[in-house]
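The next block holds one structure in the form of structure tokens; read it before the comments.
The values are calculated or read from the model by the stated rules, or taken from the named source; none is laboratory data. On a predicted model such as this, the values are computed, not experimentally measured, just so you know. For neighbour counting, all protein chains shown are included, and Cβ atoms are generated from backbone atoms with ideal geometry for every residue, glycine included. What goes into the accessible areas is simple: the full protein's heavy atoms, side chains included, and nothing from ligands, DNA or RNA. Shrake-Rupley method; radii C 1.70, N 1.55, O 1.52, S 1.80 Å.
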Amino acid sequence: MAQLFPPSSNSIVKAAFAAGALVLCLAVWVAYRVERTTYFTKAGVACEQPVPFSHKHHVSGLGIDCRYCHVSAEDSSFAGLPPTRTCMTCHSQVWTQAQMLAAVRRSAETGQAIAWTRVDRLPDYVYFDHSIHVRKGVACQTCHGRVQRMPLTWRGYPFPFHMKDCLACHRHPERFPREDAELARLSRGFPPGERGHAAALAEHVRLLTDCYTCHR
Amino acid sequence: MPCPREAASLVLALAAALCACDRQLGHQPKFHPLDPSPFFSDGRSSRPLVAGTIPLDGPDPALATGIKDGRYLAAFPYPVDRAMLLRGRQRFDIYCAVCHDRTGSGDGMVIRRGFRPRPPDFTDPRLMAAPPGLFVDVIANGFGRMYPYEDRVHVRDRWAIAAYIKVLQLAAASRFQDLPGQDRRALEALK
């Protein structure tokens, strides 16, 4: 009986395996790139909200601090959404007839909360606490983008919360300018080469990059 | 040959487990703050406080409102130091300056955009003589058209803001020649 496969079959099979592996790698790479596009991350896409609230107007235009409304950002894991009463602090007197604010007035009258659409969300396997980040001097804009320029609110650039974006800062906290005095001391306060500096920063990074820091 | 089949089923099981990963661990059956809930008729998982709720470890009412036995507290219950004044300035700029302006003149941005009535200037003689308890009371309970801020400003911060208002009053009432020589020279250098 003649042989079914010529000797060259070996090479063809090897090439096919190699091509298969290549295609698989390519597919993974494409999936990774596609997953990072704004089509999937929704970064830069304004969310539908019951009231077309403009951070641009309130923050850039009027100069209101983030914490005027997001009261618990410094003390709690959750930055806090303002209750209707916070809106009514001004809007009981200003723009009282505006059609745009009808939902706010209705909420104030009935006590039924405004159902805002959540913009940023972390998966539940991430333990995240606003207070520690704010207290260590991370600006709101570092993660949320330039919210003060958003006429409607969207997921901010520069990143839509991928683990590697968190790790970029947790691995090299000294590269991110902040107000944290302790970190400034760690990263700049020691004269270069002084004993203890490198060790202290390394210990800081070791704690920041421990799995348990974010996954608990 | 059970081996390859076992391996294949293992891979399949692993793939299935990984698919479910995000749904089970990423969306755990629990409520985050302000998550909706179909259980309650108002659709909220965070329940409003029952009327008349008193916090178990709540602050002394006199400290929280600045009033004791119907009179405004005239002395600060916390040490007034540099840290407290800096904190007071920060809190004032966040919560008060919107209307009262950073200088306390009562001409903040929201007032310029039409909020009426205009709040009084802190250099008003009545307010210059006012005890700090009055400012704490107004922060906690509101005044006229000003809403209460007791849900936004912590008790200690109310006193820090009251102390900073006293600083603003002192600054507004100071004349150039009353300044210490060092401050005068610093100001002249700015000219």
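Considering only DSSP states other than H, G, I, E and B, which GluC sites (Glu not before Pro) in the range A:10-110 qualify as loop sites with at most 13 other Cβ atoms within 10 Å? Qualifying residues, ordered by number: A:GLU48.
Averaged over peptide B:92-102, how many Cβ atoms belonging to another chain are found within 10 Å of each residue's Cβ?
Numbers: counts 0, 3, 6, 6, 1, 4, 8, 2, 0, 0, 1.
Per residue, the number of nearby Cβ atoms from other chains is 3 on average.
Bridgeable lysines around B:LYS166 (alpha carbons under 23 Å apart, same-chain partners fewer than 8 residues away excluded): B:LYS68. Taking the helices alone, chain A has a mean residue ellipticity at 222 nm of -11500 deg cm²/dmol, built from -39,500 (n - 2.57) per DSSP H run of at least 4 residues and averaged over all its residues. Two tests apply to each whole DSSP H helix in chain B, Cα reach of 30 Å or more along its axis and mean Kyte-Doolittle hydropathy of at least 0.5, and the ones passing both are B:2-26. Looking only at the range A:115-146, which residues have a backbone nitrogen under 18 Å from a spot 7 Å from the Cα of A:PHE176 in the C-beta direction? Flagged as within label range: A:120-123, A:126-146.
The phi torsions of the range A:50-66, fed into the Karplus equation with coefficients 6.51, -1.76 and 1.60 and a -60° offset, translate into couplings of x, 10, x, 5, 10, 5, 4, 5, 6, 8, 6, x, 9, x, 7, 5, 3 Hz, rounded to whole numbers, with Gly and Pro shown as x. Seen through its C-alpha gyration tensor, with square-root eigenvalues sorted a ≥ b ≥ c, chain A comes out oblate because a/c lies at 1.5 or above while a/b is not bigger than b/c. Calculated FRET efficiency, A:TYR212 to B:ARG184, Cβ-Cβ distance, R0 = 51 Å: about 0.35 to the nearest 0.05. Short-range pairs are left out: with C-alpha atoms under 8 Å and at least six residues apart, the relative contact order of chain A is 23 percent.
Heavy-atom accessible surface of A:LYS164, to the nearest 10 Å², is about 110 Å², with a 1.4 Å probe and all protein chains retained. Each of A:TRP95, B:TRP159, A:TRP116, A:TRP29 has its accessible area taken with a 1.4 Å probe; listed largest first, they run A:TRP95, A:TRP29, A:TRP116, B:TRP159. Of all lysines in the structure, the ones whose alpha carbon falls short of 19 Å from that of A:LYS42, not counting any fewer than 8 places away in one chain, are A:LYS164.
Report the extension gain between A:THR38 and A:HIS162 in nm, rounded to one decimal, defined as 0.36 nm multiplied by the number of residues separating them, less their alpha carbon distance. Walk me through the numbers before you get to the answer.
Details: separation 124, 0.36 × 124 = 44.64 nm, distance 1.29 nm.
43.4 nm is the gain from fully extending A:THR38 to A:HIS162.
From a point 7 Å beyond the Cα of B:LEU86 in the direction of its Cβ, which residues of the range B:161-191 have a backbone N at a distance under 16 Å? What the label zone holds, given the 16 Å backbone N cut-off, is B:161, B:164.
Summing both sides, how much accessible area is buried between B and A? Use a 1.4 Å probe and give Å² to the nearest 100. Please list the in-between numbers first.
Values: alone 14120 and 15730 Å², together 27150 Å².
Interface between B and A: roughly 2700 Å².
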